[in-house]
Amino acid sequence: MSKPKFAMYWAASCGGCEIAVLNIHEKILDVDANFDVVFWPVAMDAKYKDVEAMEDGSILLTLFNGGIRNDENEHIAHLLRKKSKILVAFGSCACEGCIPGLANFSPINEIVETAFSTISTDNPQGIRPQTSYQMPEGEIHIPTLYPVLRTLDSVVDVDYYMPGCPPESHQIGAVIDLVVQVLQGKAELPPKGATIGAGNSTVCDECKRTRNVKTIKEFSRIQLMHADPELCLLEQGIPCNGVATRSGCDARCPTAGAQCIGCYGPAEGVIDYGARLVSAFASVIDANDPAEIDRILDGLVDPAGQFYRFNLAGSLLKAGKSAFQRSNV
């Protein structure tokens, strides 16, 4: 019998998810032993036409990483959804937008101008990207940028979510083990729509730092203070996002002395990540005077980045007003 088919695709993201898969070391051999890898552009020579020629539903498992930023991303999302029995939103970009989603605060024309006309770009002819261009050999095309980046599940139906920027390699290995056991009839898949390869609690619950329910008089960047290595970072005035972030990373950042920045996305039951953080941060402020509260909050130098660094595209906000008005999200 032929092996079940496996695919992986890289849309609007940095490529870290691909590296995380390779970082599972010898477990990558389990993928090869149990699957026929039919489409993985970063690792093999594969063409879209090859996928288009496959029967619908013939790919058992597809890991789709990256958000939907242009028409090519959307086309391949629909194509892989059609060809796959199980489609996994793999990594923070696919699940919630991640860092590329922060561009949703700006209209598309400003993004292009920043990329092609600022001081770091040598572009004396003022060239701008064009979606099509006539060459002697014929017309060529490049993808058309959308007004905003969208999450994978806003474009196609998603079976499972695997968060992380990138997902932890040991979690990827555990998911691969589960799928192999399912193929061997030794286990069952979780209910559709479940989050896999992550915990069901918060980073705070994984963190070993001591919590004393202490209130603060200021927020400060971690590099500007000598943090107590044993005490909760948020209770020291360091804006740590662990209280709203899904567990599964073993609290690596707080353990190493850095605040959680939220790459595993909203914890179970959190409707809007930013709103939960606003509530949590407000709860530790030791002040009643509005002016004093404003002074403390001024210590959050980048509120938008703090509250929606990884989650803007997947949040209730989805985008800033200037970008949102030009989109159909």
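Considering all alpha-carbon pairs of the range 203-298, what whole percent are spaced by more than 23 angstrom?
Tail fraction, whole percent: 21.
Please determine, in degrees from 0 to 90 and to the nearest 10, the orientation of helix 71-83 with respect to the longest principal axis defined by the Cα atoms of the chain, where the helix direction is its Cα long axis.
Roughly 70 degrees, rounded to the nearest 10.
For the chain, what's the relative contact order in percent, using C-alpha pairs closer than 8 Å and at least 6 residues apart? If you can, show how the numbers build up before the last one.
Details: 618 pairs, mean separation 63.0, N = 329.
About 19 percent, as a whole number.
Pick out, from Pro266, Thr245, Thr255, the residue whose Cα sits farthest towards the positive end of the charge dipole of the range 203-298, with +1 on the Cβ of Lys and Arg and -1 on the Cβ of Asp and Glu.
Farthest towards the positive pole: Thr255.
Tally Lys and Arg at +1 and Asp and Glu at -1 over the other residues with C-beta under 13 Å from the C-beta of Ala12: what net charge comes out? Working shown, then result.
On the way: positive: Arg69, Arg150; negative: Asp71, Glu72, Glu74, Glu96.
Once all neighbours under 13 Å are counted, the net charge is -2.
Counting only other residues whose beta carbon sits under 13 Å from that of Tyr273, what net charge do I get with K and R as +1, D and E as -1? Could the numbers behind the result be given before it?
Working: positive: Arg246, Arg276, Arg309, Lys318; negative: Glu96, Glu268, Asp272.
Its environment carries a net charge of +1.
Of Tyr308, Thr195, His226, which is farthest along the charge dipole of the chain in the positive direction, counting Lys and Arg as +1 and Asp and Glu as -1 at C-beta?
Result: Thr195, furthest along the dipole toward the positive end.
Using 0.36 nm per residue of separation minus the Cα-Cα distance, give me the extension gain between Lys3 and Glu139 in nm, one decimal. If you can, show how the numbers build up before the last one.
Details: separation 136, 0.36 × 136 = 48.96 nm, distance 3.97 nm.
Extending this stretch completely gives an extra 45.0 nm.
Tell me, what is a quarter of the convex hull surface for the C-alpha atoms of the chain, in nm² with one decimal?
Details: hull surface 83.7 nm².
Over every viewing direction, the Cα hull of the chain projects on average to 20.9 nm².
What is the extension gain from Asp157 to Arg211, computed as 0.36 nm multiplied by their sequence separation minus the C-alpha to C-alpha distance, in nm to one decimal?
So the extension gain works out to 15.4 nm.
Provide the FRET efficiency to the nearest 0.05 for the His170-Val112 pair, computing r from the beta carbons and using R0 = 41 Å. Don't skip to the end; give the middle numbers.
On the way: r = 40 Å, r/R0 = 0.97.
So the FRET efficiency works out to roughly 0.55.
Output the pairs from Lys83/Lys318; Lys27/Lys208; Lys47/Lys318; Lys47/Lys85; Lys49/Lys85; Lys27/Lys47 with a Cα-Cα distance over 23 Å in this structure; if there are none, say none.
On the way: Lys83/Lys318 28 Å; Lys27/Lys208 29 Å; Lys47/Lys318 32 Å; Lys47/Lys85 20 Å; Lys49/Lys85 19 Å; Lys27/Lys47 26 Å.
In this structure, Lys83/Lys318; Lys27/Lys208; Lys47/Lys318; Lys27/Lys47 exceed 23 Å between Cα atoms.
How would you rank Tyr48, Tyr160, going from fewest to most other Cβ atoms within 10 Å of each one's own Cβ?
Least crowded to most crowded, the residues run Tyr48, Tyr160.
Given H placed on each backbone N at 1.01 Å, which residues far from Cys165 in sequence or on other chains put an amide H within less than 5 Å of it?
Ser92
Take Thr62, Thr121 and order them by how many other Cβ atoms sit within 10 Å, fewest up front.
Details: Thr62 25, Thr121 10.
Listed from fewest to most nearby Cβ atoms, that is Thr121, Thr62.
Here, each number is a calculation from the coordinates, and none is a lab measurement. Everything numeric here is computed off the predicted structure, so don't read it as measured data. Here the Cβ is made from the backbone with ideal geometry for all residues, glycine too, and neighbour counts use every protein chain on show.
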